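Novice: I'd like to ask some things about the structure below.
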Amino acid sequence: MGWFKRLKDGIQTATRNKKEAPEGLWYKCDRCKETSTVKELRENFYKCPKCNFHVRIGSHDYFELIFDGHYDVFFEELRSHDALSFVDMKPYPQRLTEAYRKNKSTDAITVARGKVNRRTLVVAAMDFSFIGGSMGSVVGERISRAIDLSLEERAPLLIISKSGGARMMEAALSLMQMAKTSAKLTLLAKARIPYFSLLTDPTTGGVTASFAMLGDLNIAEPEALIGFAGPRVIKETIKRELPEDFQTSEFLLEHGFLDMVVDRKDLKETLSDLLSLFEGKEAVNGQSTPG
């Protein structure tokens, strides 16, 4: 009966290039606990066909959903290294080796350029499966170079955040990326090139405190956890009960921290409309105008 239990529980097939979205034949939803096929899940934009729960997906999944087809990946030669000889439960180099083996991505962010309904867009998308989507030196440098690419081609930039925060194995080197990326984004503002920020589940810690909330437009997927500290820490600190939907996309939209919440199936068309809008402003004014 072993095969029946595996079928019932939706155990996924392990692959070397495992994505955050499940592989194999079956997917069991974390929210409604209903089972559907992975084919149905993919065809539904990696959302549960039963309850619309947005499954965490990786950077290349987003590229396939957003771009018209072909896209170019940049800055893959940049790799994390153990500058501090850091060891906690295991050495940092060992964590990196395991992350490379389990993931298609070479760090917690991947940069690509492609067309969205024939309009050029540079996208830097984070991967939570790579050491919790933590922000280290490579993440900061790839974002910095993505900004340079946008400036060079005068193409809008989209950063898709999905992170547990700063990478503690790089200590202060990781925290420096908050200032680095925030400062670098001012170059886009001065050049009047749009920067869109998409916050997905979860977006927390130093990423939220820096580039994730600095978009000309801040967008989020439904029901994403977004915040600096986690709700448990906040509750223990203030000694008060928190609203039921605290730190969700919908809560932040209601309180003015977000500009819109967009279902994943509508993401490409929403981006296309925004690119068209900013492109139209550029045609009228001679340069694009951030919101």
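Novice: In region 31-54, is there at least one residue being touching a residue at least 24 places away in the same chain (Cβ under 8 Å), part of a loop (DSSP other than H, G, I, E, B) and touching a strand residue (DSSP E or B) at 6+ places or on another chain (Cβ under 6 Å)?
Specialist: No, that holds for no residue.
Novice: State the number of residues belonging to region 158-213 that are of a type in the set (Ser, Thr, Tyr) and assigned to a helix (DSSP H, G or I). Steps first, answer last, please.
Specialist: Of all residues in region 158-213, those of a type in the set (Ser, Thr, Tyr) come to 161, 163, 174, 181-182, 186, 195, 197, 200, 203-204, 208, 210.
From what is left, the residues that are assigned to a helix (DSSP H, G or I) are 174, 181-182, 186, 208.
Of the residues in region 158-213, 5 are of a type in the set (Ser, Thr, Tyr) and assigned to a helix (DSSP H, G or I).
Novice: Among (1) outside any strand (DSSP E or B); (2) over 15 Å from the mean Cα position of the chain (by Cα), there is one condition residue 73 misses while meeting the rest; what is its number?
Specialist: Of the numbered conditions (1) outside any strand (DSSP E or B); (2) over 15 Å from the mean Cα position of the chain (by Cα), the odd one out for residue 73 is (1).
Novice: When the residues of region 83-117 are filtered to those that are closer than 21 Å to residue 197 by Cβ and assigned to a loop (DSSP other than H, G, I, E, B), which remaining residue is nearest to the chain's Cα centre (by Cα)? Break it down into steps so the answer makes sense when it comes.
Specialist: If we filter region 83-117 for residues that are closer than 21 Å to residue 197 by Cβ, which is where we start, we get 105, 107-117.
Checking which are assigned to a loop (DSSP other than H, G, I, E, B) leaves us with 105, 107-108, 117.
Details: 105: 13, 107: 12, 108: 9, 117: 21 Å.
Across region 83-117, the extreme among qualifying residues is 108.
Novice: Just name the residue that is surrounded by the fewest Cβ atoms within 10 Å (Cβ to Cβ) out of those in region 142-166 that are in contact (Cβ under 8 Å) with a residue 60 or more places away in the chain and farther than 17 Å from residue 114 by Cβ.
Specialist: 143
Novice: Look through region 238-255, keep the residues that are under 21 Å from residue 212 (Cα atoms) and touching a helix residue (DSSP H, G or I) at 6+ places or on another chain (Cβ under 8 Å), and return whichever of them is surrounded by the most Cβ atoms within 10 Å (Cβ to Cβ).
Specialist: Looking at the filtered set, the residue picked out is 247.
Novice: Is it fair to say residue 258 is surrounded by 16 or more Cβ atoms within 10 Å (Cβ to Cβ), in the same structural domain as residue 137 (by TED's automatic domain parsing), modelled with pLDDT of 95 or more and under 30 Å from residue 118 (Cβ atoms)?
Specialist: Details: surrounded by 16 or more Cβ atoms within 10 Å (Cβ to Cβ): yes; in the same structural domain as residue 137 (by TED's automatic domain parsing): yes; modelled with pLDDT of 95 or more: yes; under 30 Å from residue 118 (Cβ atoms): yes.
Here the answer is yes, as residue 258 does meet what is asked.
Novice: Sticking with this one: Any residue at all in region 118-135 that is in a helix (DSSP H, G or I) and under 13 Å from the mean Cα position of the chain (by Cα)? Full working, then the answer.
Specialist: To start, the set of residues in region 118-135 that are in a helix (DSSP H, G or I) comprises 131-133.
With under 13 Å from the mean Cα position of the chain (by Cα) added as a condition, the list becomes 132-133.
Looking for residues that are in a helix (DSSP H, G or I) and under 13 Å from the mean Cα position of the chain (by Cα), one finds at least one in region 118-135, hence yes.
Novice: Still on this structure: Within region 74-85, identify whether any single residue is modelled with pLDDT of 90 or more, loosely packed, with under 12 Cβ neighbours inside 10 Å and on the phi > 0 side of the Ramachandran plot, and answer yes or no.
Specialist: yes
Novice: For region 214-237, how many residues meet the condition of being among the β-branched types (Val, Ile, Thr) and either farther than 20 Å from residue 133 by Cα or surrounded by fewer than 15 Cβ atoms within 10 Å (Cβ to Cβ) (or both)? Working first, answer last.
Specialist: Going through region 214-237, the residues among the β-branched types (Val, Ile, Thr) turn out to be 219, 226, 233-234, 237.
Filter once more, so that each one left must be either farther than 20 Å from residue 133 by Cα or surrounded by fewer than 15 Cβ atoms within 10 Å (Cβ to Cβ) (or both): 233-234, 237.
Number of matching residues: 3.
Novice: Let me ask something else about it. In this structure, is residue 167 at pLDDT 95 or above, among the basic types (Lys, Arg) and more than 16 Å from the chain's Cα centre (by Cα)? Spell out how you get there, then give the answer.
Specialist: Values: at pLDDT 95 or above: yes; among the basic types (Lys, Arg): yes; more than 16 Å from the chain's Cα centre (by Cα): no.
So residue 167 does not fit the description; no.
The values are calculated or read from the model by the stated rules, or taken from the named source; none is laboratory data. This is a predicted model, so every value here is computed, not measured. No Cβ is skipped: glycine too gets one built from the backbone with ideal geometry, and neighbour counts run over all protein chains shown.
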